[in-house]
Protein chains: 2
Amino acid sequence: MFFTAVCRAKALLHPIRAGKLKSMIKTLEWTAGGVRILDQTKLPTEESYATCRTYQEVAEAIRSMVVRGAPAIGVAAAMGVALGVRDSSARNSQELRREFEQICQTLAATRPTAVNLFWALERMRGKFEALENQPLGDIKQALIEEAQRMHAEDIAANIAMGRHGAALMPARGGVLTHCNAGALATCGYGTALGVIRSAVEQGKKLNVYADETRPFLQGSRLTAWELNKDGIATTVISDSMAGAIMQQGKINAVIVGADRIAANGDVANKIGTYTVAVLAKEHAIPFYVAAPTSTIDLSLKSGVEIPIEERSSSEVAEVSGVRIAPEGVHAAHPAFDVTPARLVTAIITERGVLRPPLQESLAQAVHAEPPVPA
Amino acid sequence: MFFTAVCRAKALLHPIRAGKLKSMIKTLEWTAGGVRILDQTKLPTEESYATCRTYQEVAEAIRSMVVRGAPAIGVAAAMGVALGVRDSSARNSQELRREFEQICQTLAATRPTAVNLFWALERMRGKFEALENQPLGDIKQALIEEAQRMHAEDIAANIAMGRHGAALMPARGGVLTHCNAGALATCGYGTALGVIRSAVEQGKKLNVYADETRPFLQGSRLTAWELNKDGIATTVISDSMAGAIMQQGKINAVIVGADRIAANGDVANKIGTYTVAVLAKEHAIPFYVAAPTSTIDLSLKSGVEIPIEERSSSEVAEVSGVRIAPEGVHAAHPAFDVTPARLVTAIITERGVLRPPLQESLAQAVHAEPPVPA
């Protein structure tokens, strides 16, 4: 049955055409033994995989950023639900329902900002509720398949995003990105980096500038790693260099991912994104956000309502276990910031490129039927 | 004779009133054994001193950033000259002249951006040339005294700057600073941090936000360390957080130091300063630069002419010896950037606060007679 699901997932992916996808990085995958996850805390020096054998282990992997990136978090959570339900010893649907709630609660409590997490849990809940009266074995199998379908759909969405967004990239020039919105932040190919990959596959000559993205260094550790694997020219810069690099005329476009997009187009993304957006405005450089529609949260009027995760100050005060700030000094660690819609040139989704007024184009995109794969 | 010079230096300092200078950090000092330097590469975890016993060792300490900060570099170079000349075995003034040139050349080749280095060497040259026909012992002694005078004058200038600049600080609020323009960047008290110290001594309630300042981390390692010693409330933030913190209304003023100021008011300072200046403009926050007049270079029309040091990419690709970017990926490392005069609200010098048009006020300040100490 496990193999059936994989085959379906492949069938779903196939018609979308995967381009020249050079490095098919396996950020996370469902295996019979559990959820196999590439441990991103160890990159770039070590490429090692951890297999989460319980839903609690999946939750811990999300919390500790072994797996991170809004779309990847969503699918990891869905797989966590599938794993928890599969291994449940519930004897009837009432018991399973209680366990299901417990599993969802545990996974929902891991990270508050990326809405894809809650979107994924809701989708799994929808599936569960539709099947609640079926035999337990069928429910378990359906949830496993649903999680795998989400995995395949995520890659398909990224490839569609790449195709839509590639046209916005310069034929030749510099593109700055912040954090990692790549294969590692998704199930493969990437959102912002998917757009870059697609443009490069089309023959565009891009020099990517990767903000190192303190404190967690997703830019230097992850973005540079995966672009380097694909042979895409990449220069790592300290976050503070972005202004000077733009001032020197080296950047033609900025592209980032998103963790949650409010109904008015305000974008929550990795801390530092807002700074980059202000710099882009100052230099009249287009600022693009690439994200699947599952990142759009129409229930929130504006970015003010997006919950911003505050992470441990030790992640700022220490690097690789070495103390860089004096003991006793406070270090702030908001993990995300909000870029107001007015600084966003366009949002690239799997359903097309959304332009201002974003309030309208976002609502249209969310309510649109997903396009039939070509 | 050594003691005479120290006493003179103290006499020069005394009338300026040193305020409540709590932590009299000895960044560098002249000793009979050589130039004693607080090793800033080891802070904040270790407070250790290195004594440079030759001018070559002083040059190496500057190059490797054991001592850094434009004013401190200038005085360190002056002390390096004094040390080299003192220990010269030249038998006549011609031989000493040749050695003097060699010493200056070695010290000038250490770091290109901070003009205080060249200013200090020129001042030592002026002294040397005025005494060239005197007995060698007198020349040596005069150069030692000159270097010590520059040390004392630097502290006095910082205290004057602090007094002028304190009025610009809010009575209560947040002040953001980038890099370290403190006691550690000078001979004591600091330029930007001198203004903060002076404001706090006057009873102003300031919360300092210290950009950690990648790649060398002068903000988290040095600024937080010295402000913490003085009991001044300090929060370390990643450079990328500056925008979000401003967006939240937590910053009332930005104050930074400078490595070179061109005739038109363009300011070269630690990489990232320009980014902060753009953010300050976006949020209508005043952006102040605190620097002694020795940092002003009227020979350069604009910032375009300021040489920007490119340091090793390994300082970006590694933190505390741990690799954070993949092998084979290029990391850029411009050590400074240029903030255009239009983004500078005022420049605080020991001769007063300079306002736009900076072209005029800078020229006036440079050509003004230094004020007689009160």
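The values are calculated or read from the model by the stated rules, or taken from the named source; none is laboratory data. No experiment lies behind these values; they were computed from the predicted model shown. Positions of Cβ are generated from backbone atoms using ideal geometry, with glycine treated the same way; all protein chains shown enter the neighbour counts. Quick note on the areas: whole protein, heavy atoms, side chains included, nothing else; ligands and nucleic acids left out. Shrake-Rupley method; radii C 1.70, N 1.55, O 1.52, S 1.80 Å.
Some notes on this structure:
- Here each label is just a point 7 Å from Cα along the line to Cβ, and for residue A:101 and residue A:299 those points are 1.7 nm apart.
- Peptide-level mean, for B:209-216, of C-beta atoms on other protein chains within 10 Å: 4
- Gyration tensor verdict on segment A:277-324 (Cα atoms; rounded if a/c is under 1.5, prolate if a/b is larger than b/c, oblate otherwise): oblate
- Annotation for segment A:61-159: trypsin sites (Lys or Arg not before Pro) lying in DSSP loop with at most 14 further Cβ atoms inside 10 Å of their Cβ are A:91.
- Residue among A:222, A:195, A:271 farthest towards the positive dipole end of chain A, charges placed on Cβ: A:195
- DSSP beta bridges confined to segment A:185-312 are antiparallel in about 20 percent of cases.
- Take the accessible area of chain A alone and of chain B alone, subtract that of the pair, and you get about 4000 Å² summed over both chains, using a 1.4 Å probe.
- Loop-exposed GluC sites (Glu not before Pro) per DSSP, neighbour cap 13 Cβ within 10 angstrom, longest uninterrupted part of chain A: A:133-326
- Direction-averaged projected area, Cα convex hull, segment B:250-374: 10.3 nm², rounded to one decimal.
- Cα convex hull, the protein assembly as shown: 153 Å³ per residue, rounded to a whole number.
- Three principal axis extents describe the C-alpha atoms of chain B; from largest down they are 66, 56, 40 Å.
- Ordering of A:156-163, A:331-338 by packing is A:156-163, A:331-338, highest average first (other Cβ atoms within 10 Å, averaged per residue).
- Taking 37 °C and 0.692 mPa s as conditions, segment B:79-217 diffuses translationally at an estimated 191 µm²/s according to Stokes-Einstein applied to its Kirkwood radius (Cα pairs).
- Exam field: residue A:355 pseudo-label spacings to other copies (7 Å along Cα-Cβ), nanometres: 4.5
- Only the Cβ atoms of Lys and Arg (+1) and of Asp and Glu (-1) were treated as charged; on that basis the dipole of chain A about its Cα centre amounts to roughly 1000 debye.
- Estimated at the nearest 10 Å², the accessible area of residue A:301 is 150 Å² with a 1.4 Å probe.
- Cut-off 16 Å, label 7 Å out along Cα→Cβ of residue B:92, residues of segment B:104-144 by amide N: B:132-137
- Beta bridges assigned by DSSP with both partners in chain B are antiparallel in approximately 50 percent of cases.
- Carbon/sulfur fraction of accessible area - segment B:210-369, other protein chains in place, 1.4 Å, %: 49 percent
- Extension gain, residue B:205-residue B:129: 0.36 nm per intervening residue step, less the Cα-Cα distance, totals 22.5 nm.
- Once the 1.4 Å probe is applied to the protein heavy atoms, the protein assembly as shown comes out at 36 Å² accessible per residue.
- Distances in nm from residue B:135 to the matching label points in the other copies, shortest first (labels 7 Å along Cα to Cβ): 11.2
- Ordered from longest to shortest, the equivalent ellipsoid semi-axes for segment B:163-260 are 18, 17, 12 Å, each the square root of 5 times a Cα gyration tensor eigenvalue.
- Cβ-placed point charges (K, R +1; D, E -1), dipole of segment B:26-79 about Cα centre in debye, nearest 20: 100 debye
- Spin-label model distance (nm) - residue B:31 vs residue B:122, 7 Å beyond Cα toward Cβ: 3.3 nm
- Cα-Cα over 30 Å, subset of A:281/B:270; B:26/B:250; B:205/B:281; A:205/B:250; A:301/B:250; B:42/B:140: B:26/B:250; A:205/B:250; B:42/B:140
- Across the identical copies, the 7 Å label point of residue B:172, projected outward along Cα→Cβ, sits 5.9 nm from its counterparts, in ascending order.
- About the Cα centre, charge dipole magnitude for the protein assembly as shown (Lys/Arg +1, Asp/Glu -1 at Cβ), debye: 380 debye
- Convex hull volume per residue in cubic angstrom - Cα atoms of segment A:236-299: 88 Å³
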